[in-house]
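In what follows, a structure is listed as structure tokens, so that the remarks can point back to it.
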Amino acid sequence: MNEFSSADRRVRKYFFYGGTVLLFLILWNGFFRIQISGSEKFSEISMNNTVRELTEYPARGVIRDTYGNILVDNRPSFMISVIPRRMTNQTLTALAQLLEEKKASIRKKLRGRNSFRPVIIKRDVDYTTVTRLEERRLDFPGVIVEVEPKRYYPENVFSPHIFGYVGEVSRAETRGGKKFEAGELIGKSGLEYTYDTNLRGMKGTRFVRVDAEGRELGPLSEERDTQAEPGLDLYLTLDYNIQQFAESLMVGKRGAIVALNANTGGLITFVSKPDFDPRNLSGKISPEVWDALQNDPGHPLYNRITQSVYPPGSTFKLVAVAAALQEKIITPDWSVYCPGYFKLGRKTIKCWNQKGHGKISLLEAIKGSCNVYFYQLGLKIGLETWAKYSKMFFFGKPTGIDLPNEKGGLVPTVEYFNKRYGKNGWTKGNLANLAIGQGELLVTPLQMAQLAMILANKGIVHVPHLADYLYDNKNQRRFKFPVQTKYVQGISEEVYNVIREGMRRVVDGGTGWRGGVYGIPVAGKTGTAQNPHGDDHAWFIGFAPYDNPALAIAVIVENAGGGGANAAPLASLVMEKYFYKRLLPRIVPKKDTTETVPDFQMPPPFVPDSIPRMEVILGTN
């Protein structure tokens, strides 16, 4: 009995010891899991209950013109964010009422987001709403009021097609492999899109202690915080004084004025009309405003300079001249007789001058823009050669300007016509139309300004661009964008000389005489493009000064009629403003005289290098 009791006691003792060890092992495992292996997880939970991680959004880079004038700036704006984990149905209902938002809309923004990180619910909140929220702070646990920079446009600054706008990133949107936080602002169009990475800067992080009600008690530790880095300032080649003047010329019109520096490709003026007030897209975009812009018959959201394509009319005759001379199909002395019309089979095609130009050679045909001459010239050239030289002048593809969604237009080829009309389904009439810039040929105004630059520089083309350089205010460094240069291969200087002389005559007594500028020799070409949807479009392209080109320009006015009467005068005024920084007195001839000598002092001659530029420290990319 005693031996049994002793053995039983030993067994019980072992069970006790074993149970005690097992209990300590379980406790030790629990402590190990909490204190060591799961420390980060439970630390994060603890931190999220007592510490709030806030994103510091940097000030977006300022956009300036070539003289440093601010065109796009920033102003502080309130935004409301919430922490999803602390968002109860009661709080959600109260917040939706305060912000005049639908509960479903707020829930959609919170769906799938990190439960402890703030999610932006509404931007551009007025001060009254912020005050009401702060007065009822205890009713809104997990609701945060933050200040962020909002895009601001100084008075009289418009040009929305240049700047574009910023907007909230979509859930699926990435850029350069980078994902964004919910509600983050990124460039959506224009320069804001192209240079978004540079303008946006680097986000920072700030940690603050909070109480059980979510109220901030102060910073956790400044050592853990990371400072936001503001974006770089973007300096443009644009002269906004001239830009404003050019915009005033196009008020009430549809079309475009684009002028660029012939020596660099930098845009000096970039006007597309109709347009809209960029302030309407600088904050929260109301559905009413957006619908009004989208449904406007003038299509103000459309950038006509890079996204609209038109038949170029007679301005494209210069490409036919280059093809005919370079291929030795004609000489400058080749002439035709223009009775005011041209018969092609059973079809009679009229010249714009119904009285006819009589017997006319190449230079006079350019000067007078004789359609009959170029109908016959087009037939001599042939479609393959015409298309080849059109593409040599970089038509049919985008120019490469630093704006998104640029169109390349259309250069019809034999393959194109065969596909559209069937083999042998098209006629010589198609080719005759192309030679005078009509038919299926489509170009953008920017491509036509580029053509003017090519002719001014005898084959040298600098890729059009708006951005000049980026500036880092913190480190006082400048990052210059290099000028990209291309060349038109295979056209001799002699051919360019003939074309340029013809353009000079166009302005000196020809169809483009209204495009002249007093004291500045100008070369140009007018065009009146037939439009199947309405009245003709008015064109003018040109460059100046003739011997030392500094500026190339293209103007189109939709449905305005003749290019010489309606587009050339606008180009003249823009060039006056560029070269003289003012407008010259208008001379009105007397009835009994045919010529009037201007009675004013001539301004000093224009010197391209005399324009002052801002001095900054040069850095490297």
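The values are calculated or read from the model by the stated rules, or taken from the named source; none is laboratory data. Here the structure is a predicted model, which means the values were calculated and not measured. Neighbour counts are summed over all protein chains in view; Cβ atoms, including those assigned to glycine, are modelled from backbone coordinates with ideal geometry.
Tabulated values for the structure
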{"read-out": "Checklist (1) assigned to a helix (DSSP H, G or I); (2) among the charged types (D, E, K, R); (3) buried (at least 18 other Cβ atoms within 10 Å of the Cβ) applied to Lys122, failing item", "value": "(1)"}
{"read-out": "Pairs, first closer than 18 Å to Ser308 by Cα in the stretch 240-260, second part of a helix (DSSP H, G or I) and charged (D, E, K, R), C-beta under 9 Å, six or more apart", "value": "Arg254/Arg304; Gly255/Arg304; Ala256/Arg304; Ile257/Glu247"}
{"read-out": "Evaluation of Thr66 against (1) at pLDDT 90 or above; (2) assigned to a strand (DSSP E or B) (one fails), failing number", "value": "(2)"}
{"read-out": "Single residue of Phe479, Phe543 found to be surrounded by 19 or more Cβ atoms within 10 Å (Cβ to Cβ) and not in a loop (DSSP other than H, G, I, E, B)", "value": "Phe543"}
{"read-out": "Failed item, numbered, when Glu364 is tested on (1) out of contact with any His (no Cβ under 8 Å at 6 or more places or on another chain); (2) modelled with pLDDT of 95 or more", "value": "(1)"}
{"read-out": "Some residue of the stretch 484-492 being exposed (fewer than 15 other Cβ atoms within 10 Å of the Cβ), under 30 Å from Arg60 (Cα atoms) and modelled with pLDDT of 95 or more", "value": "yes"}
{"read-out": "Selection within the stretch 226-239 - buried (at least 16 other Cβ atoms within 10 Å of the Cβ) and farther than 14 Å from Leu199 by Cβ", "value": "Thr237, Leu238, Asp239"}
{"read-out": "Selection count, the stretch 559-610, where residues are out of contact with any strand residue (DSSP E or B) (no Cβ under 7 Å at 6 or more places or on another chain), at pLDDT 90 or above and not aliphatic (A, V, I, L, M)", "value": "3"}
{"read-out": "Failed criterion for Asn566 (all others in (1) free of Cβ contacts under 8 Å to residues at least 40 places away in the same chain; (2) polar (S, T, N, Q); (3) closer than 17 Å to Leu446 by Cα hold)", "value": "(3)"}
{"read-out": "Yes/no for Glu135 being under 22 Å from Tyr57 (Cα atoms) and among the acidic types (Asp, Glu)", "value": "no"}
{"read-out": "Flag for Asp73 being assigned to a strand (DSSP E or B) and either surrounded by fewer than 15 Cβ atoms within 10 Å (Cβ to Cβ) or touching a His at 6+ places or on another chain (Cβ under 8 Å) (or both)", "value": "no"}
{"read-out": "Residue among Leu363, Leu344 that is touching a residue at least 60 places away in the same chain (Cβ under 8 Å) and under 39 Å from the mean Cα position of the chain (by Cα)", "value": "Leu363"}
{"read-out": "All positions within the stretch 482-523 that are touching a residue at least 60 places away in the same chain (Cβ under 8 Å), of a type in the set (Val, Ile, Thr), under 19 Å from Lys317 (Cα atoms) and in a loop (DSSP other than H, G, I, E, B)", "value": "Val488, Ile491, Thr511"}
{"read-out": "So Thr331, is it assigned to a helix (DSSP H, G or I) and of a type in the set (Ser, Thr, Tyr)", "value": "no"}
{"read-out": "Checklist (1) surrounded by fewer than 16 Cβ atoms within 10 Å (Cβ to Cβ); (2) touching a strand residue (DSSP E or B) at 6+ places or on another chain (Cβ under 8 Å) applied to Lys328, failing item", "value": "(2)"}
{"read-out": "Residue under evaluation Gly61, criteria (1) in contact with a Gly (Cβ under 6 Å, 6 or more places away or on another chain); (2) farther than 22 Å from Thr129 by Cα; (3) at pLDDT below 90, criterion not met", "value": "(3)"}
{"read-out": "Qualifying residue in the stretch 406-420 (condition: at pLDDT below 95, in contact with a Gly (Cβ under 8 Å, 6 or more places away or on another chain), in the same structural domain as Ser492 (by TED's automatic domain parsing) and surrounded by 15 or more Cβ atoms within 10 Å (Cβ to Cβ))", "value": "yes"}
{"read-out": "Some residue of the stretch 451-461 being in the same structural domain as Ser272 (by TED's automatic domain parsing) and more than 29 Å from Val574 (Cβ to Cβ)", "value": "no"}
{"read-out": "Single residue of Lys458, Lys474, Lys397, Lys388 found to be more than 18 Å from Thr237 (Cβ to Cβ), at pLDDT below 95 and either buried (at least 17 other Cβ atoms within 10 Å of the Cβ) or of a type in the set (Lys, Arg) (or both)", "value": "Lys474"}
{"read-out": "Options Leu281, Leu267; residue that is at pLDDT below 90, buried (at least 20 other Cβ atoms within 10 Å of the Cβ) and assigned by TED's automatic domain parsing to the domain that holds Trp539", "value": "Leu281"}
{"read-out": "Residues located in the stretch 484-526, provided they are under 30 Å from the mean Cα position of the chain (by Cα) and closer than 13 Å to Ala571 by Cα", "value": "Gly515, Val522, Ala523, Gly524, Lys525, Thr526"}
{"read-out": "Pairs with Cβ under 9 Å, 6+ apart, first in the stretch 270-297 and assigned to a helix (DSSP H, G or I), second surrounded by 14 or more Cβ atoms within 10 Å (Cβ to Cβ) and among the basic types (Lys, Arg)", "value": "Pro278/Arg151; Arg279/Arg151; Leu281/Arg151; Leu281/Lys188"}
{"read-out": "Residue in the stretch 505-520 that is surrounded by fewer than 19 Cβ atoms within 10 Å (Cβ to Cβ), closer than 30 Å to Leu199 by Cα and not aromatic (Phe, Trp, Tyr) present", "value": "no"}
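Conditions (1) under 20 Å from the mean Cα position of the chain (by Cα); (2) among the aromatic types (Phe, Trp, Tyr); (3) outside the structural domain of Phe270 (by TED's automatic domain parsing); (4) at pLDDT below 90, marked per residue:
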residue	(1), (2), (3), (4)
Ile285	yes, no, no, yes
Pro300	yes, no, no, no
Asn303	yes, no, no, no
Tyr310	yes, yes, no, no
Gly313	no, no, no, no
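To keep it simple, each residue is scored yes or no on (1) surrounded by fewer than 17 Cβ atoms within 10 Å (Cβ to Cβ); (2) at pLDDT 90 or above; (3) out of contact with any helix residue (DSSP H, G or I) (no Cβ under 6 Å at 6 or more places or on another chain); (4) of a type in the set (Phe, Trp, Tyr).
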site	(1), (2), (3), (4)
Phe163	no, yes, no, yes
Lys179	yes, no, yes, no
Tyr193	no, yes, yes, yes
Leu199	no, yes, yes, no
Arg206	no, no, yes, no
